[in-house]
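Notes follow the structure.
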Amino acid sequence: MLSRLFGKSTPQFEPDYRVLMVCMGNICRSPTAEAVLRHKLKEAGLHERVWVDSAGTHAYHEGSPPDDRSQRHALLRGYDLSEQRARRVEPQDYAVFDLILAMDWDNLALLEEACPPDPGIQRKLKRLTEFVPDHSPLSGAQVVPDPYYGGPAGFDAVLDLVEAACEGLVVHIQGQLARDQGAGQP
């Protein structure tokens, strides 16, 4: 049961903070965002405190690995997506995760529609691009566009946006963890 609370796999540690990346099918954008954030958390020394997972708002590809093109482009930048498998967002995800990040407005709307009416839970829902730092040339981006029906440039654009957003996200998470620690939480 614990593994279902954490999506595809069970963390090997008790996380202080949990982030869920969400796109439509969980085969391009959200698995890329999961891998990039994990990498950046490791660089920041937070990989044993923060759990990252990804899911889709639709079950089109449930159980499938990420799209080959996403895997190929990510690997060129040092991110390995090969162990990930697509899953759909589940009702318990709203309670388990501290932050649920949609890749675009449509998926955010689907998350909001399925979200329990609790304002504390609803505040967890955001777009990943909200975390792109103001100093980034990509600041102002509203969404991470779906590269599925496009060419190679679309997968590189996804990586550029996700990398920029995850830089800001790590800073946000550091602040959250410091705030929680100051409030007496782990």
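Just so it is clear, none of the values below were taken in a lab; they were calculated from the coordinates. The structure displayed is predicted, hence computed values, not measured ones. As a convention, Cβ positions derive from the backbone with ideal geometry for all residues, glycine included, and neighbour counts pool all protein chains shown.
Assorted remarks:
- Some residue of region 80-90 being crowded, with 24+ Cβ neighbours inside 10 Å, of a type outside the set (S, T, N, Q) and under 26 Å from residue 153 (Cα atoms): yes
- The helices (runs of 4 or more DSSP H) located wholly in region 69-186 that include 3 or more residues which are in contact with a helix residue (DSSP H, G or I) (Cβ under 9 Å, 6 or more places away or on another chain) occupy 93-96, 105-114, 152-182.
- Region 41-68, residues that are crowded, with 23+ Cβ neighbours inside 10 Å, of a type outside the set (A, V, I, L, M) and not in a loop (DSSP other than H, G, I, E, B): 51, 53, 54, 56
- Exactly one residue out of 146, 98 is surrounded by 11 or more Cβ atoms within 10 Å (Cβ to Cβ), touching a residue at least 60 places away in the same chain (Cβ under 8 Å), more than 25 Å from residue 15 (Cβ to Cβ) and not small (Gly, Ala, Ser), and it is 146.
- Of all residues in region 11-69, those satisfying the criterion of being touching a His at 6+ places or on another chain (Cβ under 8 Å) and not β-branched (Val, Ile, Thr) are 24, 25, 26, 38, 41.
- Yes/no for residue 161 being more than 16 Å from residue 19 (Cα to Cα), under 16 Å from the mean Cα position of the chain (by Cα) and not aromatic (Phe, Trp, Tyr): yes
- Residues being touching a strand residue (DSSP E or B) at 6+ places or on another chain (Cβ under 8 Å), farther than 27 Å from residue 13 by Cβ and either in contact (Cβ under 8 Å) with a residue 40 or more places away in the chain or hydrophobic (A, V, I, L, M, F, W, C) (or both) - total across region 41-76: 2
- Residue match in region 113-120 (condition: acidic (Asp, Glu) and crowded, with 17+ Cβ neighbours inside 10 Å): no
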